[in-house]
1. Quick check: is even one residue across the stretch 70-93 among the small types (Gly, Ala, Ser) and out of contact with any helix residue (DSSP H, G or I) (no Cβ under 7 Å at 6 or more places or on another chain)?
2. Among the numbered criteria (1) part of a loop (DSSP other than H, G, I, E, B); (2) more than 30 Å from Val91 (Cα to Cα), which single criterion is violated by Pro262?
3. If you scan the stretch 127-166, which residues turn out to be within 22 Å of the chain's Cα centre (by Cα), assigned to a helix (DSSP H, G or I) and not β-branched (Val, Ile, Thr)?
4. Out of the stretch 261-315, which residues are over 26 Å from Leu144 (Cβ atoms), touching a residue at least 40 places away in the same chain (Cβ under 8 Å) and out of contact with any helix residue (DSSP H, G or I) (no Cβ under 7 Å at 6 or more places or on another chain)?
5. State all residues of the stretch 44-97 that are within 20 Å of Ala217 (Cα to Cα) and charged (D, E, K, R); if no residue qualifies, say none.
6. Against the conditions (1) buried (at least 24 other Cβ atoms within 10 Å of the Cβ); (2) of a type in the set (Ser, Thr, Tyr); (3) more than 13 Å from the chain's Cα centre (by Cα), where does Ser242 fall short? Just the number, please.
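Read-outs: derived from the displayed coordinates by stated rules, not from any lab. Note that the coordinates shown come from a computational prediction; the quantities given were computed from them, not determined experimentally. Cβ coordinates were reconstructed from backbone atoms using ideal geometry, including for glycine residues, and neighbour counts include every protein chain displayed.
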Amino acid sequence: MTQRARKRLTVTAVVAIVIVVAIVSAWWYIATPVEREGVLAKISRVAIHGALTSGAFALLAVGFTLSYGVTEVVNLGYGALFMLGAYFFFVFGPSGWWLHLEVLPVIILAVILVGFVGASVYRSIIHPVVDDPLAPIVTTVGGLVIIQQLVLIVFGTEYRPIKFYPTIEDMPPPVDILGTSVYPIRVWAFVASLVLFVALWMFVTKTKIGGAMRAIAQDREVAMLMGINTERIYMLTMGISSLLAGLAAILILGSNMETAHPYIWQRPLVLSFSIVILGGLGSIKGSLLGAFIVGYTENAVVTFVPQGGMITSAGYLGIMVVVLLLRPKGLFGKRIELE
């Protein structure tokens, strides 16, 4: 797209926003107090639930960003790692098949297992073809299908509960935040997601291993000449990325009292891919901003659009398309830099 076309598209977007604001302002002027109060309640609900959703999305997307930023591999098997995290939690958790561990120990065990699987998958089917631009895409899709089939064989098609408490009655009662009722577990999941996001950012920017990752992301050949073991860093990166996918699965599903099934990998893969494309491939801060855009868009569509739950993905995918038309490399896209 030429610079002139981008400018024209930008002007069109600004005009559309002005028109929307004018329509909303006119409605607000003629609306009754009851209608205004209802809209304010919806806005408050979107603000609270959008933030809680976005924090977990950020943790999910940053794993995808990390793996691509360092290895330049588009890991289309990322959704399968999300799925494995959920199933490992179910198997070894309080209501699972074996061990019946408490929540914190089973989370630690599950994410370690997912990290090990991710590193093993990289070493076995990605590393031999890592220099080919297309082969890793094929191998990761193949790995996704294999993992899904194994899950179907072992667990069948039944829905498996991912829950931190045995029953809803055992959960702490909802708290009121700005007039919106929220379960405390969702708040804790949000806080944990952001803390882990910040911890990962500090690891990448402040540690020696993180410096090696950034060096490889900048220029692999120069990093190798400096004595950096790229193969080891690649495996470590894929392990951390997989660990984050598994952890995001547990936090997202557990805090929302959802279930795991053999086709659950689809939505997290689309979400993570959309977020990192929107924020800019290889940009950690772009993943955070993209996660909040997607999270708030989802909640706004569900709240304000009739039967919006059926078209939530259309909202953020539409925003992604518009952003890519204006900035083809995403909001923070530039040379791959893990920043």
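1. Looking through the stretch 70-93, none of the residues is among the small types (Gly, Ala, Ser) and out of contact with any helix residue (DSSP H, G or I) (no Cβ under 7 Å at 6 or more places or on another chain).
2. Result: Pro262 passes all but (2).
3. Scanning the stretch 127-166 gives Pro136, Gly142, Gly143, Leu144, Gln148.
4. Lys285
5. Glu72
6. (3)
Listed here are the residues, each with its yes/no results for (1) assigned to a loop (DSSP other than H, G, I, E, B); (2) out of contact with any Pro (no Cβ under 9 Å at 6 or more places or on another chain); (3) β-branched (Val, Ile, Thr).
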| position | (1), (2), (3) |
| --- | --- |
| Ser181 | no, no, no |
| Leu194 | no, yes, no |
| Phe197 | no, yes, no |
| Met202 | no, yes, no |
| Ala215 | no, yes, no |
| Ile228 | yes, yes, yes |
| Tyr234 | no, yes, no |
